[in-house]
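Novice: To start, I am sharing the structure in question, which I have written as structure tokens.
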Amino acid sequence: MPTYHGSCHCGRVRFEVEARPTALSECNCSICSAKAALYIPVKEIVGFRITAGESELTGYRFNTMTAVHYFCRHCGIHTFHRPRRDPSLWSVNARCLEDLDISSLPIRRIDGRNREATAKILDLDK
């Protein structure tokens with residue numbers, strides 16, 4: 001399983017993710033579209049480790065207060081989050097990974113703006 005290394009812009013927050021991404025996800029919810037993040041889908045992440053700067057992170061919650069979006073408190077870059085669907089998992093912003101060619105992967109669009117209706121249709125909450 002490949003291990004990818006990532007960081008925030010200033011480098012204070014560093015992390016590793018074990019994954020074999022076959023696509024990236026782009027969510028259109030209010031926060032994801034504002035930060036233009038591309039994610040490695042949660043189901044494709046095998047391992048995740050914060051290797052430096054955990055104390056430099058700040059979390060942000062909104063709406064149901066379930067998901068936690070993490071940002072470096074110095075440079076403001078969103079590195080990863082714990083998703084609403086399953087807060088025990090990690091979702092990684094692929095744009096923060098140093099050794100992943102994001103242009104080589106297709107992008108899957110997620111309708112997070114209409115999450116409640118989409119979750120019922122796709123049975124996401126089971």
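The values are calculated or read from the model by the stated rules, or taken from the named source; none is laboratory data. Because the structure is a prediction, the values reported are computed rather than measured. In this analysis, Cβ positions are derived from the backbone assuming ideal geometry, glycine residues included, and neighbour counts consider all displayed protein chains.
Novice: Looking for something touching a helix residue (DSSP H, G or I) at 6+ places or on another chain (Cβ under 7 Å) and charged (D, E, K, R) - is there at least one such residue anywhere in the stretch 58-80?
Specialist: yes
Novice: On to the next question. Test Val42 against the stated conditions and say whether it is on the phi < 0 side of the Ramachandran plot and buried (at least 19 other Cβ atoms within 10 Å of the Cβ).
Specialist: It is false that Val42 is on the phi < 0 side of the Ramachandran plot and buried (at least 19 other Cβ atoms within 10 Å of the Cβ).
Novice: I've got another one for you. Determine which member of the set Asp99, Asp86 is in a loop (DSSP other than H, G, I, E, B) and in contact (Cβ under 8 Å) with a residue 60 or more places away in the chain.
Specialist: Asp99
Novice: Now for a different question. For the stretch 12-55, list the strands (runs of 3 or more DSSP E) that sit wholly inside it and hold at least 3 residues that are closer than 18 Å to Ser103 by Cα; which are they?
Specialist: Ranges flagged: 24-27.
Novice: Can you tell me how many residues in the stretch 85-114 are at pLDDT 90 or above, over 15 Å from the mean Cα position of the chain (by Cα) and not acidic (Asp, Glu)?
Specialist: 4
Novice: Tell me, yes or no, whether the stretch 14-25 has at least one residue that is among the hydroxyl-bearing types (Ser, Thr, Tyr) and buried (at least 20 other Cβ atoms within 10 Å of the Cβ).
Specialist: yes
Novice: Pick from the stretch 57-84 the residues that are of a type in the set (D, E, K, R) and surrounded by 17 or more Cβ atoms within 10 Å (Cβ to Cβ): which of them is modelled with the lowest pLDDT?
Specialist: Residue satisfying both the conditions and the ranking: Arg84.
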